[in-house]
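Trainee: Got a structure for you, written out below as structure tokens; questions coming shortly.
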Amino acid sequence: MRGMLWAVTLLWAAGLLASGWAPYDRATWWMEVAPALIVLPLLWLTDKRIPLTGLALGLIGTHGLVLMLGGAYTYARVPVGFEAQHWLGLARNPYDRFGHLMQGFVPAIVIRELLIRLGGLRPGALLTVLVVACCLAVSAGYELIEFGAAQALGQGADAFLGTQGDPWDTQWDMLMCVIGAAISLALLSRLHDRQLQSM
């Protein structure tokens, strides 16, 4: 999987360069891409001891690009989100919702892999419940980080929060994460099991 990790690294380097060249708001860009900047060194540090499946690495790579695009424009201003808003007749740019869907979709497979390989759990209902619960915990933790940023930065955190005036944004974000995790497990668990067995 070292080749896949190199591919993610090079893809993210290009993504960080492109998204960070002239972002809408530099402070927001740093906050949005911070997870990728934290995860990439961790992937390299743990690659020999716990190499991830190609599926997990591919999903992580994709999620990083979603973060970088959101960081470049801020989630409320991503152009593809405006297109989706227009075509679907939505009241707001849905890119933030998509980002939180990915916040469940991607970690579901990574957490599943770690619980199977390190925790000794077997595929089944208990594993599924634990994975969804862990994804929800990650989402809630992220919402607390957003809360902390809002308290520290005041109005300056609006671009990072991406609430777009919705008082229920936090609840919607966590719901989208749970939906993303459930979709990921339903669609990818069998493929994931095959990749785990081949390792």
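The values are calculated or read from the model by the stated rules, or taken from the named source; none is laboratory data. What you see is a predicted model, and the numbers here were worked out from it, not measured in a lab. Cβ coordinates were reconstructed from backbone atoms using ideal geometry, including for glycine residues, and neighbour counts include every protein chain displayed. Calculation scope for accessible area: heavy atoms of the full protein, side chains included, ligands and nucleic acids excluded. Shrake-Rupley method; radii C 1.70, N 1.55, O 1.52, S 1.80 Å.
Trainee: Out of the residues in region 162-173 meeting the condition of being at negative phi and touching a Phe, Trp or Tyr at 6+ places or on another chain (Cβ under 9 Å), tell me which one is modelled with the highest pLDDT.
Mentor: So the residue we want is ASP173.
Trainee: Same structure, new question: Search region 24-45 for residues being more than 17 Å from the chain's Cα centre (by Cα) and at pLDDT 95 or above, and hand back the single one that is surrounded by the fewest Cβ atoms within 10 Å (Cβ to Cβ).
Mentor: LEU45
Trainee: Next question, about the same structure. Quick one: LEU5 ticks every box in (1) loosely packed, with under 14 Cβ neighbours inside 10 Å; (2) more than 21 Å from HIS100 (Cβ to Cβ) bar one, so which box is it?
Mentor: Failing condition for LEU5: (1).
Trainee: Checking the conditions here, which among ARG77, ARG112 is open to solvent by less than 30 Å² (accessible area, probe 1.4 Å) and basic (Lys, Arg)?
Mentor: One residue alone meets the criteria, ARG112.
Trainee: Working only within region 12-39, note down all residues that are part of a helix (DSSP H, G or I) and either among the charged types (D, E, K, R) or under 24 Å from LEU191 (Cα atoms) (or both).
Mentor: ARG26, GLU32, VAL39
Trainee: Please enumerate the residues belonging to region 46-70 that are surrounded by 14 or more Cβ atoms within 10 Å (Cβ to Cβ), outside any helix (DSSP H, G or I) and β-branched (Val, Ile, Thr).
Mentor: THR53 - this is the single residue of region 46-70 that is surrounded by 14 or more Cβ atoms within 10 Å (Cβ to Cβ), outside any helix (DSSP H, G or I) and β-branched (Val, Ile, Thr).
Trainee: Which members of region 92-137 meet the condition of being β-branched (Val, Ile, Thr) and not in a helix (DSSP H, G or I)?
Mentor: If the condition is that a residue be β-branched (Val, Ile, Thr) and not in a helix (DSSP H, G or I), then no residue fits.
Trainee: For region 6-19, enumerate the residues that are touching a helix residue (DSSP H, G or I) at 6+ places or on another chain (Cβ under 6 Å) and either modelled with pLDDT under 95 or among the aromatic types (Phe, Trp, Tyr) (or both).
Mentor: Answer for region 6-19, where residues must be touching a helix residue (DSSP H, G or I) at 6+ places or on another chain (Cβ under 6 Å) and either modelled with pLDDT under 95 or among the aromatic types (Phe, Trp, Tyr) (or both): just TRP12.
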